[in-house]
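Single-structure report; data block below.
The values are calculated or read from the model by the stated rules, or taken from the named source; none is laboratory data. All values reported here derive from a predicted model rather than from experimental measurement. Neighbour counts run over all protein chains shown; Cβ positions are idealised from the backbone, glycine included.
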């Protein structure tokens, strides 16, 4: 299986063997990450053009990139200056490999710098909207394929402090702005293209057309990557990986990621799959019983393991969120290994790892945002080999796979819930009492939002319990109790998110119920922060 996560992310644990999909089996675009804040947005735009892509570190050797048989390569932006020591570099052999290359912002500067042009600090930094003027011969064939079908003047988004001042031999200027005389360029003989602006952001209204011109006209790709083709490829890849007699256990939480994973694996190997639902005691109120009831008599066999006590013991005294995630991740694996030994002859563990899990857990060119329990939280030594068919998908793509598989809407559109559960929604130490407080408050928040008919509009809605206490007045007496934070966000793929604008009457009803019905809580506050700069979860 083409596995962007295995290359991009720091999973490190769990063996992936030759059964994974060969990238040569489908048209692929490789995105070389130079440290861009927009790297995943570029991947999103390529996927939206129905072309498969994967993200690799900028310095990935040419042999490794070309082994994927890419039809195109995109160099992302980045915060460095190409002339600085230690700045990201691409393997120069890629530029003579006959594969079309598109450099974006830093990527364009990198092309110029490595191929004999000149880049220098601009006298005036260009950030924000700008008018791009396409050269007279830049909207036709050959060098102008990048702007084919576009107007001679278009609005673009700039974000750079350096600029190209001299093009490498063989390059032609395609466009300019007031502050960047060389805002786009190409060497059509070698199919090398560069743009100083960011076509991937919505602030470049016709940017998707620029990317599609690169993908369709220059790389010769067709919009052929669909969820139906993904399902067929995944099922075949799982069969190859597991073999004709291999047995798999699947980590089932009841969420869409693990449910889709279980369905794909079940379709591939039938009754050689057993699902393990581990109740770690950190679930939402009443959720364990709901999950067991939902899957009873539907699909593969499900084993319910009550492990609440051992997880709370592992988290005792732990306040660091990264340590919480590591401990939860390791304990999950130990439970799965124990259950696998009971079943006998089980070699594989399937889990619903998705692309944002991998990216946020840290990459060779990107900082760790938070360690996901199923990626960086995995222990260094494992008895089971991993099967992760969704590792290359964004959340909205997983939902589309679920619909393609015919799963019920309530499963497909169930709101995301973190693997470590309430452990990362309780700021500070996790205790049985604090879990109970948050479960009660969270049940009111989720129940009222769903009662108001807002469940499908909001990506995630939940409560967070803080470690501090605040002064209040309850029953004419002073109270000193916990505040609960209500977090409600709208998003498509979890990589970016905005806070949800709830009706005032819904917020008022939730606040009144939480402080009146939940012991040890005297305040409800609402989180108005977008992602970025915040993450959706608090820990």
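Residues are listed down the side, and each one gets a yes or a no for (1) free of Cβ contacts under 8 Å to residues at least 24 places away in the same chain; (2) surrounded by 15 or more Cβ atoms within 10 Å (Cβ to Cβ); (3) assigned to a helix (DSSP H, G or I):
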residue: 449; (1), (2), (3): no, yes, yes
residue: 453; (1), (2), (3): yes, no, no
residue: 473; (1), (2), (3): yes, no, no
residue: 481; (1), (2), (3): no, yes, no
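When you go through (1) closer than 27 Å to residue 380 by Cβ; (2) at pLDDT 95 or above one by one for residue 268, which number turns out not to apply?
Condition not satisfied by residue 268: (1).
What are the residues in segment 23-46 that are at pLDDT below 90 and more than 24 Å from residue 158 (Cβ to Cβ), if any?
Result: 23, 24, 25, 26.
All but one of (1) closer than 26 Å to residue 286 by Cβ; (2) not in a strand (DSSP E or B) hold for residue 492; which doesn't?
The failed condition is (1).
Can residue 156 be described as part of a strand (DSSP E or B), farther than 20 Å from residue 206 by Cα and under 34 Å from the mean Cα position of the chain (by Cα)?
Numbers: part of a strand (DSSP E or B): yes; farther than 20 Å from residue 206 by Cα: no; under 34 Å from the mean Cα position of the chain (by Cα): yes.
No, not satisfied.
Please verify whether residue 249 is under 25 Å from the mean Cα position of the chain (by Cα) and either modelled with pLDDT under 95 or not in a helix (DSSP H, G or I) (or both), treating the condition exactly as stated. Don't jump to the end; show me each part of the working.
Working: under 25 Å from the mean Cα position of the chain (by Cα): yes; either modelled with pLDDT under 95 or not in a helix (DSSP H, G or I) (or both): yes.
It is true that residue 249 is under 25 Å from the mean Cα position of the chain (by Cα) and either modelled with pLDDT under 95 or not in a helix (DSSP H, G or I) (or both).
May I ask you to verify whether residue 290 is crowded, with 19+ Cβ neighbours inside 10 Å and assigned by TED's automatic domain parsing to the domain that holds residue 345? Show your work before the answer.
Numbers: crowded, with 19+ Cβ neighbours inside 10 Å: no; assigned by TED's automatic domain parsing to the domain that holds residue 345: yes.
It is false that residue 290 is crowded, with 19+ Cβ neighbours inside 10 Å and assigned by TED's automatic domain parsing to the domain that holds residue 345.
Does residue 72 satisfy the condition of being modelled with pLDDT of 95 or more, surrounded by 17 or more Cβ atoms within 10 Å (Cβ to Cβ) and either within 21 Å of residue 196 (Cα to Cα) or outside the structural domain of residue 31 (by TED's automatic domain parsing) (or both)?
yes
Hey, can you tell me all the residues within segment 198-215 that are farther than 12 Å from residue 48 by Cα and outside any loop (DSSP other than H, G, I, E, B)? Write out each step before concluding.
Taking segment 198-215 as the starting set, the residues that turn out to be farther than 12 Å from residue 48 by Cα are 198-199, 201-207, 210, 213-214.
Matches in segment 198-215: 207, 210, 213, 214.
Given the conditions (1) in contact (Cβ under 8 Å) with a residue 12 or more places away in the chain; (2) in a loop (DSSP other than H, G, I, E, B), and given that residue 442 satisfies all but one, which numbered condition is not satisfied?
Unmet for residue 442, out of (1) in contact (Cβ under 8 Å) with a residue 12 or more places away in the chain; (2) in a loop (DSSP other than H, G, I, E, B): (2).
In segment 300-346, what residues are touching a helix residue (DSSP H, G or I) at 6+ places or on another chain (Cβ under 9 Å), surrounded by fewer than 18 Cβ atoms within 10 Å (Cβ to Cβ) and farther than 23 Å from residue 422 by Cβ?
301
Counting only residues that are over 21 Å from residue 249 (Cβ atoms) and modelled with pLDDT under 50, how many does segment 368-393 have?
So the first thing to find is which residues in segment 368-393 are over 21 Å from residue 249 (Cβ atoms), and the list is 368-371, 376, 392-393.
Then drop every residue that is not modelled with pLDDT under 50, which leaves 368-371, 376.
Going through segment 368-393 one residue at a time, the tally reaches 5.
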